[in-house]
Amino acid sequence: MLNLIIFGPPGAGKGTQSEKLLSKYQLQHISTGDLLRAERNAGTELGNQANEFIAKGELVPDAVVIGMVKNFMIAHPEAKGFIFDGFPRTTPQADALDVMLQEFQTSISIVLGLEVNEDELVKRLLLRGQSSGRADDQDESTIRNRFQEYQNKTLPLQGYYQAQGKYHGVMGIGEVEVIFSALCAHIDAL
Ligand code: B4P
């Protein structure tokens, strides 16, 4: 199985690149952001609870997100591998993912980190906010709070995967196709 994590700050292009990777490598896409938004749009209790955190630019509690990922994996026993997009975002999530993958008798193959500076990220997210209707992309202070959460809770995972020799950073600024080729080169070298 090929299991890859697409890692990076909010707006780095994780969703954009995941769409291309999953079609090239025939993987199942797990985007916790998309799953949470689908719950919210369906008006479930989980979705309403999660929305309170998302609207403030905070991370949704670990137990909620971990449960959602586990359910998704169980529902896709035929998968040749997974792209984890926006997950894990905390150390407890990374630990839980390792355990879930062990239960599937597999593990993380590679972690691809998209590296983009904060000014570029703010520009991208505000631009997306004009058309997406995503409230968390429309207010600069919410966006800054998402970066703060990223710095405090998510960035430490880079070291976690570097220590395992699985992390590869890629410059996330430039043409989408050029970035995609750089990501594929790391995967193809496995
Ligand atoms: P996510 O939905 O994961 O969103 P994201 O980090 O904002 O976006 P991504 O990096 O995928 O950017 P994209 O490709 O779309 O999270 C939203 C919220 O959900 C979080 O803040 C949190 O509250 C909650 N959540 C999700 N997962 C969680 C977890 N595991 N634990 C707890 N809470 C969780 O690209 C952004 C924009 O840039 C797009 O408009 C795109 O077109 C543009 N773009 C992409 N590549 C570009 C390029 N090369 N050049 C120029 N523009 C580019």
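The values are calculated or read from the model by the stated rules, or taken from the named source; none is laboratory data. Keep in mind that this is a model prediction, so the values were computed, not measured. Don't worry about glycine lacking a Cβ; one is built from the backbone with ideal geometry, like all the others, and counts go over all protein chains shown.
Brief remarks on what is shown
- From the options ALA12, ALA94, residue that is closer than 24 Å to GLU115 by Cβ, in a helix (DSSP H, G or I) and either within 9 Å of the ligand (Cβ to nearest atom) or small (Gly, Ala, Ser) (or both): ALA94
Matching residues to (1) of a type in the set (A, V, I, L, M, F, W, C); (2) over 25 Å from LEU59 (Cα atoms); (3) modelled with pLDDT of 95 or more; (4) surrounded by fewer than 18 Cβ atoms within 10 Å (Cβ to Cβ):
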position	(1), (2), (3), (4)
ARG128	no, no, no, yes
ALA135	yes, no, no, yes
GLY169	no, no, yes, yes
VAL178	yes, yes, yes, yes
ALA185	yes, yes, yes, yes
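- Scanning the range 129-169 for residues that are within 10 Å of the ligand (Cβ to nearest atom) and among the charged types (D, E, K, R) gives ARG134, ASP136, ASP137, ARG146, GLU149, LYS153.
- For the range 53-81, the set of residues classified as crowded, with 17+ Cβ neighbours inside 10 Å, away from the ligand (no atom under 12 Å from the Cβ) and not in a helix (DSSP H, G or I) consists of ALA79 only.
- Scanning the range 40-52 for residues that are away from the ligand (no atom under 11 Å from the Cβ), of a type outside the set (A, V, I, L, M, F, W, C) and part of a helix (DSSP H, G or I) yields ASN41, GLU45, GLY47, ASN48, GLN49.
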